[in-house]
Amino acid sequence: MSRPLLEVDHLVMNYTTEKGDVSAIQDVSFTLNEGESLGLVGESGCGKTSIAMSLLRLVAENARFDSGEIRLDGTDLLSLTDEEMRQRRWNDISMVFQGAMNAWNPVYKVGDQIREAMDLHFHPRLSNAEVEARISKLFELVGLNPAMMNRYPHEFSGGMRQRAIIAMALSCDPKIIIADEPTTALDVIVQDQILQELKKIQADLGMSIIYISHDIAVIAEVTDKIGVMYAGKLVELGSTREVFARPRHPYAFLLLSSTPSVTGPRRKLAPLEGEPPDLLNPPTGCRFHPRCPYATDQCATDEPPMEDAGDGHQVACWNWKEVPELGGLTK
Ligand SMILES: Nc1ncnc2c1ncn2[C@@H]1O[C@H](COP(=O)(O)OP(=O)(O)OP(=O)(O)O)[C@@H](O)[C@H]1O
Ligand code: SF4
Ligand SMILES: [Mg+2]
């Protein structure tokens with residue numbers, strides 16, 4: 001068994017707003033082992049980016065950590081000083097930000113922008129020639145011609161800009177990369193190429209990766225484990241194979257059964273009706289209860305804890321045993 005590298009332990013984070021608290025992360029726990037890849041999936045607004053930003057401690061100013069720990073190699077990142085955290089950011093954990101491929105500064109060459117990031121963060125400091133050699137190697141790794149480092153962002157296609165973003169995220173040799181919707185804006189073929197390359201890079205470098213996506217089918221092939229989020233909560237966590245074969249949580253079940261690439265093009269099994277709740281005022285009990293076809297009275301009042309559903313699979317639902325087998329239904 002590989003070693004736990006990152007342990008998120010009962011994390012609670014709220015955004016303070018004029019209208020009240022937005023409950024963006026509610027009691028989330030998971031572990032990322034060395035060399036492992038974990039996918040976090042869920043609808044827009046369920047808290048995926050909030051978790052990612054928390055891991056780097058780059059949350060918005062109005063974010064407030066109320067309880068829990070984020071331990072990296074046993075050290076709670078939330079207890080570090082700003083300077084200690086700065087040392088760890090990019091070197092230990094780095095990130096491919098949501099939408100970052102469109103955030104290149106148009107007036108500087110791409111290689112110079114990566115160089116600047118390395119100057120700020122990489123230790124030990126490298127000479128100019130060493131930095132250049134490193135960027136050149138990183139470009140090869142992500143499938144870019146090293147000569148492209150002397151080009152401007154507008155000379156790159158969307159896929160190339162995203163590859164360069166990945167090169168930048170790799171530049172300080174992190175132990176963990178968080179990739180927030182890394183391929184969402186790209187066409188399906190480029191999306192697939194980039195994910196396969198990330199998978200290979202991860203294996204070659206022995207890194208751990210957290211993939212974030214609203215589309216469970218997209219990250220299925222590149223993850224070992226999947227965590228399904230709903231309204232600020234992690235509601236199911238298990239090996240990717242297990243979650244696909246037999247989602248236990250009603251939300252995960254409905255999400256998967258309404259994903260055509262999972263069930264086959266002509267089989268939409270059960271619709272996922274309604275909208276996710278407003279996190280300023282989340283539902284009591286189980287946050288999914290207003291939309292859940294399996295809800296019982298208890299669900300409206302009592303918050304279900306994560307419990308073991310066998311094979312290391314965890315689920316937060318009072319009635320998970322009632323959820324049918326997806327695999328059985330698709331035959
Ligand atoms: N700075 C902020 N202040 C108040 N609320 C915020 C802030 N940032 C995010 N939120 C809210 O927190 C919730 C979680 O947002 P988050 O961006 O983490 O979701 P997400 O799962 O990444 O969504 P998407 O798939 O659209 O990227 C949402 O309700 C969002 O509106
Ligand atoms: S706890 Fe109840 S409302 Fe929540 S997912 Fe399970 S059955 Fe549905
Ligand atoms: Mg997001």
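The values are calculated or read from the model by the stated rules, or taken from the named source; none is laboratory data. Computed from a predicted structure; not experimentally measured. Note that we place each Cβ from the backbone using ideal geometry, even for glycine, and neighbour counts take in every protein chain shown.
Every residue, every condition in (1) in a strand (DSSP E or B); (2) surrounded by fewer than 20 Cβ atoms within 10 Å (Cβ to Cβ); (3) assigned by TED's automatic domain parsing to the domain that holds P174; (4) under 19 Å from the mean Cα position of the chain (by Cα), yes or no:
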residue: L40; (1), (2), (3), (4): yes, no, yes, yes
residue: E61; (1), (2), (3), (4): no, yes, yes, no
residue: R71; (1), (2), (3), (4): yes, yes, yes, yes
residue: E84; (1), (2), (3), (4): no, yes, yes, no
residue: N91; (1), (2), (3), (4): no, yes, yes, yes
residue: M95; (1), (2), (3), (4): yes, no, yes, yes
residue: L120; (1), (2), (3), (4): no, yes, no, no
residue: P124; (1), (2), (3), (4): no, yes, no, no
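What helices (runs of 4 or more DSSP H) lie completely within the range 234-331 and have 3 or more residues being over 16 Å from V41 (Cα atoms), over 26 Å from the mean Cα position of the chain (by Cα) and modelled with pLDDT under 95?
Those helices (runs of 4 or more DSSP H) span 326-330.
Cβ-Cβ distances below 6 Å connect the following pairs, each with a first residue in the range 118-136 that is more than 21 Å from E84 (Cα to Cα), a second residue that is small (G, A, S), and a separation of six or more residues or different chains: I135/G111. Entry remark, the range 280-312: residues being surrounded by fewer than 15 Cβ atoms within 10 Å (Cβ to Cβ), without any contact (Cβ under 8 Å) to a residue 24 or more places away in the chain and either in the same structural domain as M13 (by TED's automatic domain parsing) or at positive phi (or both) number 1 in total.
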